[in-house]
1. So what is the relative contact order of chain B, in percent, for Cα pairs below 8 Å that sit 6 or more residues apart?
2. For every other residue with a beta carbon closer than 14 angstrom to the beta carbon of residue A:489, add +1 if it is Lys or Arg and -1 if Asp or Glu, then tell me the sum.
3. Roughly how many whole Å is it from the C-alpha centroid of region A:208-240 to that of region B:70-138?
4. Which whole-number percent of Cα pairs in the protein assembly as shown have a distance greater than 48 Å?
5. Counting only other chains, what is the mean number of Cβ atoms within 10 angstrom of the Cβ of each residue in peptide A:118-124?
6. Under 17 Å between alpha carbons, and skipping anything fewer than 8 positions from residue A:479 in its own chain: which aspartates and glutamates qualify?
7. Okay, helix-only estimate at 222 nm for the protein assembly as shown: each DSSP H run of n ≥ 4 adds -39500 (n - 2.57), divide by all residues, round to 500 deg cm²/dmol; what do you get?
8. Which shape class applies to region B:24-160: rounded if a/c is under 1.5, otherwise prolate when a/b exceeds b/c and oblate if not, where a ≥ b ≥ c are the square roots of the Cα gyration tensor eigenvalues?
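The numbers here are math on the coordinates, done by the rules we state, and not lab data. What you see is a predicted model, and the numbers here were worked out from it, not measured in a lab. Every residue, glycine as well, gets a Cβ built from its backbone with ideal geometry; the counts of neighbours run over all protein chains shown.
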Amino acid sequence: MNRTDRLSLAHLWVAIVAFGIAAAMAFMQALSRASLDLPWRSAKMYYLSVTAHGVLMALVFTTFFIMAFGYVVVTRSLNRAPVAPGVAWAGYWTALAGTLAAVWAILTGKATVLYTFYPPLKAHPAFYIGLTLVIVGSWCWAAVMLLSYRAWRREHQSAPVPLAMHGMIATVIVWLIATVGVAAEALLQLIPWSLGWTTTVDPVLARMLFWYFGHPLVYFWLLPAYVIWYTVLPRVAGGKLFSDPLARLAFVLFILLSTPVGFHHQFMDPGVSAGWKLLHTFLTFAILFPSFVTAFTVTASMEVAGRMQGATGLLNWLGKLPWRDPLFSSVALSMILFAFGGIGGAINASFGMNAVVHNTAWIQGHFHLTVGSAAALTFMGASYWLLPRLTGRELELSLLARVQPYLWFLGMLLFSFSNHITGLMGMPRRVYDAAYDGSAAAQAWRGLTEVSAAGGLLLFASAAFFILVMVGTALAGKKREPEPILWAEPLHPVSPQRTLLDRYGLWTVVAVILVLIAYAYPLWMHLRMVRFGSPGFQPF
Amino acid sequence: MNVAFYEKIWMWAAGVLIVAFLATIAVGVAGSALQPPSHVETIDPTKVWNDPRFARHGVTVDERGVTVVVVAMMYAFENPEIRVPAGRPVTFRITSVDVTHGFQIVGTNGNTMVVPGYISQFTTVFRDPGEYLIVCNEYCGLGHHLMSAKLIVEPEAARP
């Protein structure tokens, strides 16, 4: 094992452990929502575990996995060790220390503010400081990624950057632009307030800064998954990437459009005028486009793979695909789930119509298809592919690995679809008990909360299989010469020259201009308005 | 950039679909003034009970229409039972005295965040008389799931 792989593995294990803990929390929540009376069930435990689940899944599991994968992409696509390994390790320890501080605050009941931590709910300072350290750690990673690219570029003046690295650079740029918002919220508002240095906080300003970060956060999860779809999947399926230039274009469009869309999370907020919400709506719909392109290119790449295995006719290429390979099935199933997630996302973004679904169970149904499937299931599949290649150990318990993606798919169908329906019936999200004193409306969604709990059971079993395979492989996998990590080749020869699409400085400037158009004026107007701060509350 | 024929068709179709979605929204905005609640008005959250805008909460019916003034707090809405007439525009004005809450009338499109320091306002018409459940849909503490109220929409004739 070389030193860089040790770096990747260190990140990967934090991701796996965070995932395991968060999955256990989730199972308990699904049972609680169905009003199943379990001995340890209490409101305090429920909201605490929702907080832990959100933070560990959405922020810790994803970020650590993405950092691990980023280093793999540097070593295996640029064929060089990441520059400044000291900075990379410093980032790892900083993010890990931050995670431990935040988790300590959550598990001791001092930070039951959910992963969105809207003030004036006030958590222990360790929670905010811990999450800030996770972000700071990720900035170290971002710096190492960009410096490694620059070092490679100096030696390869005119070659196009490998596609996997192109996607990861897009991820890094989106992340750097996005985290400015949450860093401002934490450093200027929440940390001084939680330490008692300031007495009040403006909750709408905090929400603006949070969602400035919160939506591009979604693309921070999604883009590495797309990198896997574009550059790993076609090869594992035995084929080639259908269109290299369109894949590159999609990543550039995400750099441009990921951030200036955050108000679509605040449609129902007072204090933000409708005109600016409408502008963000238009930009939100524009960002559907690169995902449409991705859906075509990746599906076409699968067809290419099927035909290269000798399939003929309209659809029998589907049967030639390696459905027993856990990476392939994870990605293919996550794409199917994500198609529903994308359609739901377009509905959420539909301005006035958002009133029907805002903060209902529909929303948790929605994002478990996006981050919970497109990202998480892809990352699990990628772990089956990655761990043997990094450790030189064969995948242990491979039958569980083969079954696991299908179990996740089935569990997610039950969980997500039932939540979409109960959401439309009006059941709010994030409630300990949805019985509402036996009101007629609440009676109507009762049966479906049990379907959701059944989905939760399957998802939990699936998550447990994943953990067993990972731990089993690390402890007992047969040692052998590791297979190389190879990226998909394009179907058509690509230009040997770098194109406009890897001029990242230019795209970053355009992205920042779009952010300024979408945010500068409303933020300025907001700060000029007569506002009254809120003191903090700790009702937990 | 060399793009395959079918993919070109797909990309055009995606573009047309996105424009169609946006056109639908634009028609809703221009035609029926369909907008999310986006009122901009601030209030001192520590002095809500003394503020003339919220001193008299409950339902007021006058020549301008029906106005419902609601105060949200952990873990109740004041008033817990709201009676409004069917078929007339009803304007809700809501604020919070503590943390951020939600105000969602289950089975309708009445839905808004309630953020301390700000006044939420939206207008809607209830066509069907009956009893509706109002829930808080933003986590506000350990009693969040207990925070609810009742909206009773009365047939127009039932009121003087």
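1. 22
2. +1
3. 38
4. 15
5. Mean partner-chain Cβ count within 10 Å for A:118-124: 4.
6. Cα-Cα hits under 17 Å: A:5, A:394, A:396.
7. -19000 deg cm²/dmol
8. Values: a/c = 1.42, a/b = 1.25, b/c = 1.13.
Since a/c stays below 1.5, the shape of region B:24-160 is classed as rounded.
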